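Below you'll find the structure, written out as structure tokens, and then a few comments.
What follows draws every value from the coordinates through simple rules; no lab data is involved. Here the structure is a predicted model, which means the values were calculated and not measured. Neighbour counts run over all protein chains shown; Cβ positions are idealised from the backbone, glycine included.
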Amino acid sequence: MTTQCVHISNLQAGIAAIEISRPEALNALNSEVLTQLITSIQKLQKEDDLSVIILRTSGDKSFVAGADIKEMLNYSSQQAYEFSKQGQNVFTALSDLPQVVIAQIQGFALGGGLELALAADFMIASQKAKFGLPEVGLGLIPGFGGTQRLVQRMGYSRALEWMTSAERYSADAAFQLGLLNRVVEHDQLSSAVETVANSIAAQGPSAVRAAKKAALAALSATGQLGFEFEAQLFSQRFSGSEAREGLAAFVEKRKPEFRSVRQA
Ligand code: CAA
């Protein structure tokens, strides 16, 4: 039986929430969760009365700890390509929603979790939140649009440092780089998000949608080529030994030994 991990709830007038709930895996995204997410997105896309969607997850520790490493462990390159495309398509549907999407980040937003948050219109984070793209530590690269969206959001050099160092950043550091709209006390997070959502929901609903449409047009010049290139490079990682070692090391709770399994 499939467990329902993605739920929609209606909050105040004009505001709904999408909640991902897979706390036993720190809300990691497997293909089933992505399928459930696109169903919720498509449902809310048709709701003309909504101005704001809050994207949030359950548990105190993690927003989303990335794509599901256990699911990817034995992927072929073809499966990895399809997984990358699935994630990219879901996240693009999220970013294309007519409503303003606010990601509410309470904890880890790593790898695919950060990529998910980047597909929202903006992020509001707790001081306890942690951000980063640890994929290279697994012998991978970001595969859900992050290589494209992070460059758009913080510029090429800083984004490439995030992608290649696998470093983890505090909410304050992420705020200083322009990644976050607000950083708030941990126990104030949901009320801070609701305050911002309420202020948007109080405005002219079709004007809010028009503003988002116009702002998105400023980003669309990058086009689809970068996303396709990302999916190809992500899938190629699965044809050699480096990613096998990185993924296996995580699951076996040990450090990867990349130097002894070098691949081109
Ligand atoms: N996939 C699958 N399971 C995950 C997971 C992930 N991304 N992240 C955490 N989990 C699981 C752990 O395996 C563990 O399960 P078990 O109890 O069954 O062992 C459970 O969640 C709790 O995790 P930890 O015990 O590791 O918790 P921690 O507090 O010690 O560490 C953490 C938290 C730092 C977030 C650590 O879990 C971690 O490093 N997770 C992986 C982060 C990561 O590398 N993300 C990128 C994934 S690749 C990707 O996203 C590719 C892409 O772009 C498409």
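Mind listing the long-range amide H neighbours of Val101? Cut-off is under 5 Å, sequence gap 5 or more, other chains count too, H placed in the peptide plane at 1.01 Å from N.
Ile53, Asp121, Phe122
List, in order, the whole-Hz ³J(HN,Hα) value for each residue of segment 73-84 obtained from phi through the Karplus relation with A = 6.51, B = -1.76, C = 1.60 and θ = phi - 60°; use x for Gly and Pro.
3, 10, 5, 7, 4, 5, 5, 5, 4, 5, 5, 4
Among 175-184, 51-60, 242-251, how do they line up from the highest to the lowest mean number of other beta-carbon atoms within 10 Å?
The peptides rank, most packed first, as 51-60, 242-251, 175-184.
I'd like to know how the chain sits against the 2.2 N^0.38 Å rule of thumb: what's its Cα Rg over that expected value?
In units of the 2.2 N^0.38 Å rule of thumb, it is 0.98.
Give me the percent relative contact order of the chain, please, defined on Cα pairs under 8 angstrom at least 6 residues apart.
Details: 496 pairs, mean separation 53.9, N = 264.
Relative CO of the chain lands at 20 percent.
Given H placed 1.01 Å from N in the peptide plane, which residues other than close sequence neighbours of Leu140 have an amide H under 5 Å from its amide H?
Under 5 Å from the amide H of Leu140 lies no amide H from a residue far enough along the sequence or on another chain.
Ala215 to Gln45: extension gain in nm, 0.36 nm per residue of separation minus the Cα-Cα distance? Before the final figure, lay out the partial values.
Numbers: separation 170, 0.36 × 170 = 61.20 nm, distance 1.80 nm.
Working it through step by step, the gained length comes to 59.4 nm.
Cα centroids of segment 67-85 and segment 169-190: how far apart, whole angstrom?
31
Say a paramagnetic label sat at a point 7 Å from the Cα of Leu177, along Cα to Cβ; which residues of segment 93-132 have their backbone N under 16 Å from it?
Only 108-119, 123-125, 129-132 pass the distance filter.
Step through the table entries Lys70/Lys130; Lys128/Lys213; Lys61/Lys213, compare each Cα-Cα distance with 28 Å, and write down the pairs that go over it.
The answer is Lys128/Lys213; Lys61/Lys213.
Measure nothing fancy, just the Cα-based angle from helix 156-165's long axis to the longest principal axis of the chain, in degrees from 0 to 90, nearest 10.
Approximately 50 degrees, to the nearest 10.
Take every DSSP beta bridge with both residues inside the chain and express the antiparallel ones as a percent of the total, to the nearest 5.
25
Output the 0 to 90 degree angle, nearest 10, between the alpha-carbon long axis of helix 241-251 and the longest principal axis computed from the alpha carbons of the chain.
Orientation of helix 241-251: about 60 degrees from the principal axis.
Give the angle, between 0 and 90 degrees and rounded to the nearest 10, that separates the Cα long axis of helix 31-45 from the longest principal axis of the Cα atoms of the chain.
Between helix and principal axis, roughly 20 degrees.
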